[in-house]
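Participant: Sharing a structure with you now.
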Amino acid sequence: MTRRRWFGLAAAAAVVALVTPTLWAYWASAGRILSDPADAPAEDVTMVLGAGVRADGQPSRLLAGRLDVAAALYHLGRTRTLLVSGGTAPGGYDEPAAMRRYLVSAGVPDAAIVEDPLGVDTWASCVRARDEFGLSRLLVVSQRFHLPRTVALCRSLGLDAVGVAHDSKDSNPPGTRQGYLREVAASAPAMARALFG
C-alpha cells in the first residue's frame, strides 16, 4: 500500500470516528427536542444542567438561558419541580445554589427547586436523575447544541427524556459556536458510555 493511500484511509477512518458518535446522538434524540416551552409535554420534573457560574456568583450567559427556559416551563404549568444539577468547588463555587437564586428571582417558588450538587457532568446528572432521584421520565433543559447528546445519554439509561432547548445563537454566538465544536469531541465518549456503561 502506498503512503498516499495509507494516509487517505487513515483520514477517512478519522472522519468516521468523529462523525459516527455525533450521528448516534442525533439519531437517539430524534423527535425529542423542542424549541418552544409551550410545546413541551407536562412532566413532574425538569432537569436543568449546569453551565458555569461567573466570579460574582451569577450564572453564565449559557446557564442563564437554560434557567429562563426552565422558569418558563414552570410558569406555563409544564412542570412542578426543577432539578438543578451542577458542580461545586472550593472557594464557594456552587452551580446549583446560583441556579436556585436565579430561578427564585424569576418567580419560581423555592420549594419547587431541588439541588443536585454532584451533577459534575452530563453523564453524572443523567445517572443521578435515575438512581438518586428515582426518575423514569423527565424534561431536560440545555442549549440546542447540547441536547442531542444529553437526551441520547438519558435514553441509554432508560429515562424517557424530552429536551427543551435554549437557542443561544443570537444571545451568545461565540459560546454557541464553541458548544457545537465541543459536542463533536464529547459525543465519542458519550456513545462509549451509553454502549458500555
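The values are calculated or read from the model by the stated rules, or taken from the named source; none is laboratory data. Please read these numbers as outputs of a predicted model, since none were measured by experiment. When we count neighbours, we look across all protein chains shown, and the Cβ atoms used for this are built from the backbone with ideal geometry, even at glycine. Please note that ligands, DNA and RNA were not included when accessible areas were found on the heavy atoms of the full protein model with its side chains. Shrake-Rupley method; radii C 1.70, N 1.55, O 1.52, S 1.80 Å.
Participant: What value, in deg cm²/dmol to 500, does the helix sum -39500 (n - 2.57) over DSSP H runs of n ≥ 4 give at 222 nm once divided by the residues of the chain?
Facilitator: It lands at -16000 deg cm²/dmol.
Participant: Per residue, what accessible area does the chain have, given a 1.4 Å probe and all protein chains present, in Å²?
Facilitator: Heavy-atom accessible area per residue stands at 50 Å².
Participant: Can you tell me the convex hull volume per residue for the stretch 30-121, based on C-alpha atoms, in Å³ to the nearest whole number?
Facilitator: Convex hull of Cα atoms, per residue: 97 Å³.
Participant: Based on the inverse mean of 1/r over its pairs of different Cα atoms, what is the Kirkwood hydrodynamic radius of the stretch 94-179, in Å?
Facilitator: Roughly 14.1 Å, rounded to one decimal.
Participant: Moving to a separate point now. Could you tell me what a quarter of the Cα convex hull surface of the chain works out to, in nm² with one decimal place?
Facilitator: 13.0
Participant: In debye, nearest 20: dipole of the chain around its Cα centre with unit charges on the Cβ of K, R (+) and D, E (-)?
Facilitator: 980
Participant: Stretched out fully, how many nm does the piece from E132 to R61 gain, at 0.36 nm a residue minus the Cα gap?
Facilitator: 22.7 nm
Participant: Where the accessible area of the chain is counted over protein heavy atoms with a 1.4 Å probe, how much of it, in %, is carbon and sulfur?
Facilitator: Reported share for carbon and sulfur atoms: 58 percent.
Participant: What are the extents of the Cα atoms of the stretch 61-111 along their three principal axes, listed from largest to smallest and rounded to whole Å?
Facilitator: 36, 23, 17
Participant: Would you mind checking the tilt of helix 147-156 against the longest principal axis of the Cα atoms of the chain, expressed as 0 to 90 degrees and rounded to 10?
Facilitator: 90
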